[in-house]
1. Considering only residues that are farther than 16 Å from residue 32 by Cα, surrounded by 11 or more Cβ atoms within 10 Å (Cβ to Cβ) and modelled with pLDDT of 80 or more, which ones fall in region 67-86?
2. Anything in region 15-58 that is at pLDDT below 95, farther than 21 Å from residue 94 by Cα and either out of contact with any helix residue (DSSP H, G or I) (no Cβ under 9 Å at 6 or more places or on another chain) or acidic (Asp, Glu) (or both)? List them, or say none.
3. Every residue in region 1-38 that is among the hydrophobic types (A, V, I, L, M, F, W, C) and either more than 11 Å from the chain's Cα centre (by Cα) or under 17 Å from residue 74 (Cα atoms) (or both), please.
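The values are calculated or read from the model by the stated rules, or taken from the named source; none is laboratory data. These numbers were taken from a predicted model, which means no experiment stands behind them. Note that we place each Cβ from the backbone using ideal geometry, even for glycine, and neighbour counts take in every protein chain shown.
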Amino acid sequence: QIFAKINRQKKDKIMVIAMMKCLVSNELHHEALQLYAQFSAFHDRVLDAWAIKACIHTNDMQHGQRIIDAINMTRTKGAHRQHSNMLMVYSALIEFYAHFNDID
């Protein structure tokens, strides 16, 4: 629990992304979603993609759809798009909709 022992003010986006990746990769999906919720100030496309993957593995379509809706809202507001990060999100979206049998 090294991450938990680090002072919250010292945690940055890179640390949170690394921890999300570790949690999802080690099948700790509920914990990953809790971390995602705790660090909403750091939400970006990379964290969104990891959270979507966690939603797939927890079978939580509603939570995943809320994340996707938030992504779509920021895109329609003209937020800056980082293409490499969007590719990660698109990949997660395909996996998400395939998992929930919602691909047309």
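1. Listed by number, the residues that qualify are 68, 70, 71.
2. If the condition is that a residue be at pLDDT below 95, farther than 21 Å from residue 94 by Cα and either out of contact with any helix residue (DSSP H, G or I) (no Cβ under 9 Å at 6 or more places or on another chain) or acidic (Asp, Glu) (or both), then 40 is the only one that fits.
3. Within region 1-38, 2, 3, 4, 6, 14, 15, 18, 19, 22, 23, 28 meet the criteria.
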